Structures are given as C-alpha cells and as structure tokens.
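The values are calculated or read from the model by the stated rules, or taken from the named source; none is laboratory data. Nothing here was measured: the structure is a model prediction, and the numbers come from that model. Quick reminder, even Gly has a Cβ in these numbers, built from the backbone with ideal geometry, and neighbours come from all protein chains shown. With ligands, DNA and RNA removed, areas are computed over all heavy atoms of the protein, side chains included. Shrake-Rupley method; radii C 1.70, N 1.55, O 1.52, S 1.80 Å.
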Amino acid sequence: MAASAAWVRRKELEYCAEHPVYFAETYGHIEDKSAAELIQPFRLWPAQKQALKELATHRMNVILKARQLGITWLALTEAVRLLLCQSGRTVVAISRAEDEAKELVRRAAVILRSMPELVREERAAPPGWAGPVFRAASLELTLRFPWGPDSVFKALLSSPGAARGFTADLVILDEWAFQQFAEEIWASIFPVMNRPGSGRVIGLSTIRRGTLFEEIFTNPHNGFHKIFLPWQADPARDEAWYQATRKALGPDKTLQEYPASVEQALRVPGGQFFPEVTEATHLRGPDNFFAGPVRRFLAIDYGLDMFSAHWIGVDAFGRARVYREYDAPDQKIGEAAETARALSGSEEIEAVLAPPDLWSRSQESGRSRAAIFEEHGLPLTRTSNDFEAGCAGMKEWLRPGPGGEPMLTIGR
C-alpha cells in the first residue's frame, strides 16, 4: 500500500511539473484575511490564470501590476511547483528588506504545508512517509527527496552583490521598482539565470517612475516578456469600489497604485524626473496668486511635431506660477510666433526662453530657427542645455518654501 501511494505521488508530481495551472488550483493555497478561514485554496481569477501560463512559458518576465492582486502568491506558487516537482532546483527571491525576505519564506512554507498529499514538514512527517519533506528557517527553505538532491528556496535582501555566486533556476524580484541597488543587483543576477535553455526570472512591482523596473518594462527590445494586471483583474472590484478608493486615496496615488492601463501607470503627474509634483501639492486654481509687480516670461520649444509654450509669472516675493499653456503640432515658425504674441496680448514679456537647438543653422537656408522667430516678432533668449543642472534647478523651485508652499506652482 505504501509503495503504491509513493508511486501515485511521483506520477502526480510529474503531471504537475507540466501543468502549472492544475498545480496551483489543485494544491495551491493563499492567506485571505477577508475570509472566515485564513488559509484558502488558490482559486485563480482569469487574469491570474493567464499570467501564470505566461510565467511558465517565458524565461524573462516582468509584471507591472496594481496593488493587492495576489501576484506575489502566484510567483511563489510557481516557485514551489518548480522546487517540489523537480529535485535539485534552486529559487532565489530578492526583497527590499530583511523582514520582507523572511515573509517570502514564510509564505512559501504556508503553501507547502497546505499540500500534505505531496509533501510534509520534516518535523511532522508521519511514520512510513516516503515522499518529499521540507524544513524552513528564517531566510531559507529546503526540500529533501528520497530519490534526488535537495531543492532550495533562498530569500535575500536587496544589496549590490545579491545572488552573486548562486546558480538559480528561478529568480524572483519582489517589488522590484522599490529595491535599492537595482542596477547592481540585475548585473549580478543576470549571469545566475542566463544559461542556454534554462534559468528564469520573474520581476514584479507596482510602478515607480525613473527606475530600472520602468526602463525594463517600457523597453520593447530587451527580451523581457511584459505582463500588466490592472485593478479590475480582481473580479470583486467594480467602479463603485474604484471611486471610493479614489476618494480616500486621492487621484494621484490611485493612478499610481491602482492603474487601469499601462498608460495610466506611467502617467504620473511629475513625470520621470519630478515625481514630487502632484495635483495636491503643485496644481492651483485661478486664484489671485501674484502679489505686487509681476515679471513675466515665456518658455518655448519648437518642432513641426509640436510647438509648446508656457507663460510663467514671478511675483515680488520670488514665487512663480505657470499661468498659461499652449501646445499644437504642425505649425510653421511664423504661425507659432503669431500665436505666442496673440496669447500674450498686452502682457509685457521680459524674455522668451528657448533651447539651444533653435540656434542651429539649417543646411538648406543657412539660417537658424531662432533667427526666423525674431523675423516674425518673437526674439528668443538662449537657455542652457545642461540637463542635470536644469533638473536640480527645477527641484529647488518645486520643493516646499516658507510655510510649506512650493516656490513654483501650476495653474489649472
């Protein structure tokens, strides 16, 4: 009887090795704090099922997701399937901090404890048990097999040399966008899993602009398989839930934490370089902002693809506001200059600021676009193209000044 049970178990593990969705839905469990019983069978939503199929198919995966969609549980279930169904495997998981790394090991142990038909905890294995056993420490989990070498799940905290020296079959990067030393970690991880025909990576996170995670997700040519899961991936969430969330969290944070599309996830108000800009901190209504005399400037950028102009006023206290904006494609220089002058009306514009590339001479005419702007009544003042200095200067304008109000605000 024991031999027969062992044979059935081996055959079941062989089947699970080829069928990730079957394994997850038959043996997978998660913690659900909203349920009466904490430990619940992992009943995959359609979006989770599709994501799992893709994770099992592709070697290099990056997942951009909304919050609280069970994707860490999904990645850990896939890791457990690999470790349990094939002896001698290694999974390395990297988290932002030690407590989060320990949490990944704890969750992996929860999954394993919930499938007693296939595996038992070493200290609680019944007499005569002939199947795999596991034991869990704070940062490492080991599976032992009667028929092969150990499989190991090892959790690491984010550090420049994380995973260096390991040979892993799967690397999981949890909340990748928020990990320190992301570039150094990726440089050390890539050789770990970059073996012909084997080695996988699953990087998952909500969005954080200006990070390696964003660069990898948005680069169409880097070999990564991209997966996006919106807030609606949870069938229990409806429009009323979303509106209540937006009201409680605010529009900017809701856009970041619960995007409905990739475009929404990447459309952070401050952009890649100025994430401190939010609707609450920097956008203002049409109030009487300026105090005393006002110095007015016009900042432009020009190309046939887009003419962009922003009017900025600076009051007697040195506070600035972008009080008018105009953007339009396919305008000739004469049309752009006439539009800018018309929108300025009777305002006295102290300087029209423009980037240095407008002073480059055309090979056809021998004249620069700056010269043509001046011919049409809009003389330009050349600005610097020192990108780093410009970003640093903008951050000074955007940071809170006396009383907590930023020195530069944007009118609606």
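Restricting segment 339-361 to residues that are open to solvent by less than 40 Å² (accessible area, probe 1.4 Å) and over 25 Å from residue 319 (Cα atoms), which is farthest from the chain's Cα centre (by Cα)? Show your work before the answer.
To start, the set of residues in segment 339-361 that are open to solvent by less than 40 Å² (accessible area, probe 1.4 Å) comprises 339-340, 344, 351-352, 354-356, 358.
After this cut, where a residue has to be over 25 Å from residue 319 (Cα atoms) as well, the list is 339, 356, 358.
Details: 339: 39, 356: 34, 358: 35 Å.
Among those residues, the one meeting the criterion is 339.
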Selection count where residues are open to solvent by less than 60 Å² (accessible area, probe 1.4 Å), more than 15 Å from residue 86 (Cβ to Cβ) and touching a strand residue (DSSP E or B) at 6+ places or on another chain (Cβ under 9 Å), scope segment 160-171: 3
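Can you spot a residue in segment 210-227 that is of a type outside the set (Ser, Thr, Tyr), modelled with pLDDT under 85 and within 25 Å of residue 101 (Cβ to Cβ)? Working first, answer last.
Of segment 210-227, the ones of a type outside the set (Ser, Thr, Tyr) are 210, 212-217, 219-227.
With the extra rule that they be modelled with pLDDT under 85, the set shrinks to 210.
Filter once more, so that each one left must be within 25 Å of residue 101 (Cβ to Cβ): 210.
Yes; the residues of segment 210-227 include at least one that is of a type outside the set (Ser, Thr, Tyr), modelled with pLDDT under 85 and within 25 Å of residue 101 (Cβ to Cβ).
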Sole exception among (1) assigned to a helix (DSSP H, G or I); (2) open to solvent by less than 40 Å² (accessible area, probe 1.4 Å) for residue 49, by number: (2)
Among (1) assigned to a helix (DSSP H, G or I); (2) over 28 Å from residue 256 (Cα atoms) - the single one residue 87 does not satisfy: (1)
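Just name the residue that is surrounded by the fewest Cβ atoms within 10 Å (Cβ to Cβ) out of those in segment 6-19 that are of a type outside the set (D, E, K, R) and touching a residue at least 12 places away in the same chain (Cβ under 8 Å).
17
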Those residues of segment 20-29 which are open to solvent by 30 Å² or more (accessible area, probe 1.4 Å) and either among the β-branched types (Val, Ile, Thr) or over 20 Å from residue 116 (Cβ atoms) (or both), in sequence order: 26
Residue 6, sole failed condition from (1) out of contact with any Phe, Trp or Tyr (no Cβ under 6 Å at 6 or more places or on another chain); (2) of a type in the set (Gly, Ala, Ser); (3) not in a helix (DSSP H, G or I): (3)
Subset of segment 218-268 (residues that are over 18 Å from residue 50 (Cβ atoms), charged (D, E, K, R) and not in a loop (DSSP other than H, G, I, E, B)): 239, 246, 247, 252, 253, 257, 263
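Answer yes or no: is there a residue in segment 196-208 that is of a type in the set (A, V, I, L, M) and open to solvent by 10 Å² or more (accessible area, probe 1.4 Å).
The first filter runs over segment 196-208 and keeps only residues of a type in the set (A, V, I, L, M), leaving 201-202, 204, 207.
Narrowing further to those that are open to solvent by 10 Å² or more (accessible area, probe 1.4 Å): none.
The answer is no; no qualifying residue exists.
Among the residues in segment 384-398, are any part of a loop (DSSP other than H, G, I, E, B) and either touching a Lys or Arg at 6+ places or on another chain (Cβ under 8 Å) or open to solvent by less than 60 Å² (accessible area, probe 1.4 Å) (or both)? Quick ask: steps written out before the conclusion?
So the first thing to find is which residues in segment 384-398 are part of a loop (DSSP other than H, G, I, E, B), and the list is 384-386.
Then drop every residue that is not either touching a Lys or Arg at 6+ places or on another chain (Cβ under 8 Å) or open to solvent by less than 60 Å² (accessible area, probe 1.4 Å) (or both), which leaves none.
So far as segment 384-398 goes, no, none of its residues is part of a loop (DSSP other than H, G, I, E, B) and either touching a Lys or Arg at 6+ places or on another chain (Cβ under 8 Å) or open to solvent by less than 60 Å² (accessible area, probe 1.4 Å) (or both).
Just the residues that are of a type in the set (A, V, I, L, M), open to solvent by less than 30 Å² (accessible area, probe 1.4 Å) and closer than 22 Å to residue 175 by Cβ, please, taken from segment 115-155. Steps first, please.
Here is the first cut: in segment 115-155, the ones of a type in the set (A, V, I, L, M) are 115, 118-119, 124-125, 130, 133, 136-137, 139, 141, 143, 152, 155.
Next cut, open to solvent by less than 30 Å² (accessible area, probe 1.4 Å) only: 115, 118-119, 133, 141, 143, 155.
If the condition is that a residue be of a type in the set (A, V, I, L, M), open to solvent by less than 30 Å² (accessible area, probe 1.4 Å) and closer than 22 Å to residue 175 by Cβ, then 141, 155 are the ones that fit.
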Single condition residue 182 does not satisfy, out of (1) touching a Ser or Thr at 6+ places or on another chain (Cβ under 7 Å); (2) in contact (Cβ under 8 Å) with a residue 24 or more places away in the chain; (3) open to solvent by 30 Å² or more (accessible area, probe 1.4 Å): (3)
Cβ pairs under 7 Å, 6+ apart, first in segment 144-162 and of a type in the set (Asp, Glu), second open to solvent by 40 Å² or more (accessible area, probe 1.4 Å): 150/144
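Here's the yes/no breakdown for (1) of a type outside the set (Val, Ile, Thr); (2) outside any helix (DSSP H, G or I); (3) farther than 21 Å from residue 407 by Cβ:
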| site | (1), (2), (3) |
| --- | --- |
| 290 | yes, yes, no |
| 293 | yes, yes, no |
| 301 | yes, yes, yes |
| 312 | no, yes, no |
| 322 | no, yes, no |
| 350 | yes, yes, no |
| 372 | no, no, yes |
Residue that is most open to solvent (accessible area, probe 1.4 Å) [pool: residues in segment 30-45 that are part of a loop (DSSP other than H, G, I, E, B) and in contact (Cβ under 8 Å) with a residue 12 or more places away in the chain]: 43
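Out of curiosity, is residue 100 acidic (Asp, Glu), under 20 Å from residue 175 (Cα atoms), buried (at least 18 other Cβ atoms within 10 Å of the Cβ) and touching a strand residue (DSSP E or B) at 6+ places or on another chain (Cβ under 9 Å)? Before you say what the answer is, go through the steps one by one.
Working: acidic (Asp, Glu): yes; under 20 Å from residue 175 (Cα atoms): yes; buried (at least 18 other Cβ atoms within 10 Å of the Cβ): yes; touching a strand residue (DSSP E or B) at 6+ places or on another chain (Cβ under 9 Å): yes.
Yes.
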Residue under evaluation residue 191, criteria (1) surrounded by 21 or more Cβ atoms within 10 Å (Cβ to Cβ); (2) assigned to a helix (DSSP H, G or I), criterion not met: (1)
